[in-house]
Amino acid sequence: MLDLIKIRRDLHQIPEIGLEEFETHAYLMAILHDLTADKAFVDLKTWQTGILVKVNGAAPEKTIGWRTDIDGLPITEETGLPFKSRHDGRMHACGHDMHMTIALGVLEKVLENQPKNTLIFLFQPAEENEAGGMLMYEAGMFEGDFRPDEFYGLHVRPDLKVGDIATNRQTLFAGTCEVKINFKGTGGHAAFPHMANDALIAASYFITQVQTIVSRNVDPIKSAVVTFGSLHTGTTNNVIAETAQLHGTIRTLTKEMNELTQQRLRTIAEGIALSFGLEVEIQLKQGGYLPVENNPELANELMLFFDKQADVNLIEIEPAMTGEDFGYLLSKIPGVMFWLGVETPYALHHPKMSPNETAIAFAVENVAAFLKEKAG
Ligand SMILES: CC(=O)N[C@@H](CCC[C@H](N)C(=O)O)C(=O)O
């Protein structure tokens, strides 16, 4: 039987950035080979660092997909855990180590007996940066008998308790758009500002003005988030900065609001550049981060199932402004995503985020029961 706590801790120590999950891939492959070695009804295929495991049903009428993501974040861990990240500047601060462990635990249970229907387990790279789910889809990895008819997945949530499962019958997560802005001016001596063109000042005005998109352009009943998580400019106190690079994200619940926010952001960046006489490059990339739209009928079914489980506290929840490239897969294949409570004081993407590991056994038990019922 798999030692899931050990697996989670092993995976926690080797977080890797999207599409570079080589150690994680090798670790997962070793376990998958052991788990499936004597199972003639299992097929395995890979795409870059991604893995698909197909558990062929004995008399299949449909194919059910379960998805986990496998990448980490560029964050330096501050949990102080004895099994903290061994990779400098990398951390599983979004709980994908928990997601992978749960998927392995569920797979182990599903393999106890060959199911009637087919199950596909997706171990997907690059959820945080390159929309690995979309890349795998576009590469044809879900074609033919690897195409699920229904797709399911979960995401850990720190502010919910272990035992909580939260979802809804509509939009669960926002659509996002990655934003890169590069102001280019003319550097110079701090003492001669009139002979330079300060990119740091332009970036500061931009950062202030861009806040008015949400407060003045977005219908307050609908909503949007504009967050810049990084700004790089300048070198020292007495040199005027020649360039400033900003990296941010837009989050909205609808395509229309995303387009409006993108267009206002572009206008503000171009306006600032014009008024200060600088050049500006603007990159807006939505890629695969479409809103996560739960299929109403399948969500209803899943919610009824979990509501009947003695140890599950089912919560019907409002959408959140988190993003997920599972939104892309759900735009192609109907399915449902839900939140799993992991009860920790620190938010996702916080360097001290440390999920409660008792959520692993709880999730394995309940997700396996759900998939087994679906697969027959
Ligand atoms: C659940 C979660 O935290 N997901 C990430 C997804 C990143 C999307 C994309 N790279 C972006 O920043 O827009 C999130 O930040 O919500």
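The values are calculated or read from the model by the stated rules, or taken from the named source; none is laboratory data. Everything numeric here is computed off the predicted structure, so don't read it as measured data. In this analysis, Cβ positions are derived from the backbone assuming ideal geometry, glycine residues included, and neighbour counts consider all displayed protein chains. Ligands, DNA and RNA are excluded from the accessible area calculation, which covers all protein heavy atoms including side chains. Shrake-Rupley method; radii C 1.70, N 1.55, O 1.52, S 1.80 Å.
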Q. Along the positive direction of the dipole of the stretch 166-226 (beta-carbon charges: Lys, Arg +1; Asp, Glu -1; about the Cα centre), which of 190, 224, 212 reaches farthest?
A. 224
(Q) What do you get for the angle between helix 199-209 and the principal long axis of the chain? Use alpha-carbon atoms, 0 to 90 degrees, nearest ten. (A) 60 degrees
Q) What spacing in nm lies between the two simple spin-label points modelled at residue 109 and residue 143, each 7 Å away from Cα in the Cβ direction? A) 3.5 nm
Q) Against the longest principal axis of the chain, how steep is helix 358-375, in degrees 0 to 90 to the nearest 10, with axes from Cα atoms? A) 60 degrees
Q) Going from most exposed to least, what order do 194, 155 have by accessible area with a 1.4 Å probe? A) 194, 155
Q: For the chain, give the percent of accessible area contributed by carbon and sulfur heavy atoms, probe 1.4 Å, rounded to a whole number.
A: 52 percent
(Q) Strictly over 30 Å apart at the Cα level, which of 116/285; 180/332; 161/374; 84/109; 352/372 would you flag in this model? (A) 116/285; 352/372
Q. Taking residue 45 as the anchor, which lysines have their alpha carbon closer than 19 Å to its alpha carbon, excluding any fewer than eight residues away along the same chain?
A. 54
Q: Any chance you could check the Cα centroid distance between the stretch 97-131 and the stretch 322-376 for me, in angstrom?
A: 11 Å
Q: Stick to the Cα atoms of the stretch 174-285, pair each with every other, and give me the Kirkwood hydrodynamic radius in Å at one decimal.
A: 14.5 Å
**Q.** Residue-normalised accessible area of the chain, expressed per residue, 1.4 Å probe, Å²
**A.** 43 Å²
(Q) Give me the mean projected area, in nm² to one decimal, of the convex hull enclosing the Cα positions of the chain. (A) 19.8 nm²
Q.
Name the residue from 364, 160, 19 whose Cα lies farthest towards the positive end of the charge dipole of the chain, charges +1 on Cβ of Lys and Arg and -1 on Cβ of Asp and Glu.
A. 160
Q. Which is farthest toward the positive dipole end of the chain among 336, 299, 271, measuring Cα position about the Cα centre, with Cβ charges +1 (Lys, Arg) and -1 (Asp, Glu)?
A. 271
**Q.** Positive minus negative residues near residue 374 (Lys, Arg vs Asp, Glu; Cβ under 12 Å)
**A.** -2
Q) In degrees, nearest 10, range 0 to 90: what is the angle between the Cα axis of helix 96-110 and the longest Cα principal axis of the chain? A) 20 degrees
Q) Taking the Cβ of residue 295 as the center, what net charge do the other residues with Cβ under 10 Å away carry, scoring Lys and Arg +1 and Asp and Glu -1? A) -3
Q) In the stretch 80-135, which GluC sites (Glu not before Pro) fall in coil by DSSP and have 11 or fewer other Cβ atoms within 10 Å? A) 112
